[in-house]
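Have a look at the structure below, then the notes.
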Amino acid sequence: MRAQDSATAPGRIAVEERDTPGDGPDGSVAPRTPRGTTKTPDTAGPAAAPTPDRRRAGTLQAALGVIAFSLTFPATAWGLEGIGPWSLVALRCALSAVVAGGCLLALRVPLPARAHWAGLAVVGGGVVVGFPLLTSLALQTSSTAHAAVVVGLLPLTTAALSALRTGTRPSRTFWAAAIAGAAAVAAFTVQQSGGALSTADLYLFGALLVCAAGYTEGGRLARHMPGWQVIGWALVLCLPLNVVWAVIALRHEPFQLTWHSTAGLLYLAIGSQFLGLLVWYRGMAAIGIPKASQLQLAQPLLTLVWSLFLLGEDLTPAAPLTAVAVLVCIAVTQRARG
């Protein structure tokens, strides 16, 4: 494998090289000047806005990512039926890395540029390791309905971190709708769980912060390389740690491959950890991190629906009212100008 900025050989996938934000005037993206040429002031200018077709495709991809993520908690609950939490996380990450690494090798994708490795480490620490581990520990004593409060607050946290990290400035209408949607989801999920604060809640709030950081950095990197390569390289980067982690954890935790635990592990490794993040990062790159993150307002309700059918958990009559409120907030955030 060669560096990302090297020339692409015949038969290899060409990766479009894009500039980092802030190169142009007022923080806009300035066009890259080819090597060996001189950049004049007249060549700098803002990047072209996404086309309507690209925005629609990005919204669809982000929505598919949300659907994939909504099954994560039920799949984790299934996996924990036969596998310990530390072993489950290590195995799901290792299996995902094998799939991602195989794709990268088969397609002869060059190594990312050195400047991107720090960002990939943030993605790996937050999305690949941190969030799965903390939520798995929480789900040992918490129901999926209670854990859904994390996902309900995640869009607002992601949008806030994105504003700090990338310099985006969503409108007041956007923020008002985002806060209203987060409040509706939080009120619903807290009411479902009785509002008690426990050790599981501390795990969930920690998961909220590390996942938002991983989403923000991954969305930024997805503007410089394809989204599937962002999560692919992050998984490969964490593979050595996860192999050692799995060997140690399996010696100290129960491991029984039942139908539920096997299905849960495979879905977490392939569906949620790899394919879900693949389309999610592509969607964020197309429509922006703040707007994509607000689609996740629907994720807790989807999780509750899956929990009803897959885990037998009950739903309260408040669910339809919350669903309507969330859908209205999503519509407003998608139409609000950033």
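Phi angles across the range 221-234 convert, under the Karplus curve 6.51 cos²θ - 1.76 cosθ + 1.60 with θ = phi - 60°, into 3J(HN,Hα) values of 5, 5, 7, 10, 8, x, x, 5, 6, 4, 6, x, 5, 5 Hz, Gly and Pro given as x.
Does the range 235-334 come out rounded, prolate or oblate, given a ≥ b ≥ c as the square roots of the eigenvalues of its C-alpha gyration tensor, rounded meaning a/c under 1.5 and, failing that, prolate meaning a/b above b/c?
Working: a/c = 3.35, a/b = 1.43, b/c = 2.35.
Note, shape of the range 235-334 comes out oblate.
Computed over protein heavy atoms with a 1.4 Å probe, the accessible surface of the range 170-293 works out to 40 Å² per residue.
Solvent-accessible surface of protein heavy atoms, probed at 1.4 angstrom with all chains present, puts Arg56, Arg335 in the order Arg335, Arg56, largest first.
Heavy atoms only, probe 1.4 Å: what % of the accessible area of the range 89-224 goes to carbon and sulfur, would you let me know? Could the numbers behind the result be given before it?
Working: 3460 of 5110 Å².
Reported share for carbon and sulfur atoms: 68 percent.
Please report, in debye to the nearest 20, how large the charge dipole of the range 193-330 is about its Cα centre when each Lys and Arg carries +1 at its beta carbon and each Asp and Glu carries -1 there. Walk me through the numbers on the way to the answer.
Working: 5 positive and 5 negative charges, 103 e Å.
Charge dipole, the range 193-330, about its Cα centre: 500 debye, nearest 20.
The phi-based Karplus calculation (6.51 cos²θ - 1.76 cosθ + 1.60; θ = phi - 60°) puts the 3J(HN,Hα) values of the range 248-265 at 5, 5, 5, 7, 10, 10, x, 9, 9, 8, 8, 4, 5, 5, 5, 4, x, 5 Hz, whole numbers, x for Gly and Pro.
Let me know the shape class of the range 164-223, please: from the alpha-carbon gyration tensor, a ≥ b ≥ c as square roots of the eigenvalues, rounded when a/c is under 1.5, otherwise prolate if a/b is greater than b/c, or oblate. Don't skip to the end; give the middle numbers.
Working: a/c = 3.40, a/b = 1.43, b/c = 2.39.
Oblate.
Amide H contacts of Leu111: Arg2, Ala3, Gln4, each under 5 Å away and 5 or more positions distant or on a separate chain (H built 1.01 Å from N in the peptide plane; Pro and chain starts excluded). Using only the Cα atoms of the range 108-189, build the gyration tensor, take square roots of its eigenvalues as a ≥ b ≥ c, and label the shape rounded, prolate or oblate: rounded if a/c is under 1.5, else prolate if a/b is larger than b/c, else oblate. The shape class here is oblate. Val66 sits with roughly 10 Å² accessible to a 1.4 Å probe, with DNA, RNA and ligands left out of the calculation.
The values are calculated or read from the model by the stated rules, or taken from the named source; none is laboratory data. This one's a predicted model, so the numbers in the text were calculated from it and none came from an experiment. Using ideal geometry, Cβ is built from the backbone for each residue, glycine included, and neighbour counts are taken over all protein chains shown. These area figures cover heavy atoms from the full protein model, side chains too; ligands, DNA and RNA do not enter into them. Shrake-Rupley method; radii C 1.70, N 1.55, O 1.52, S 1.80 Å.
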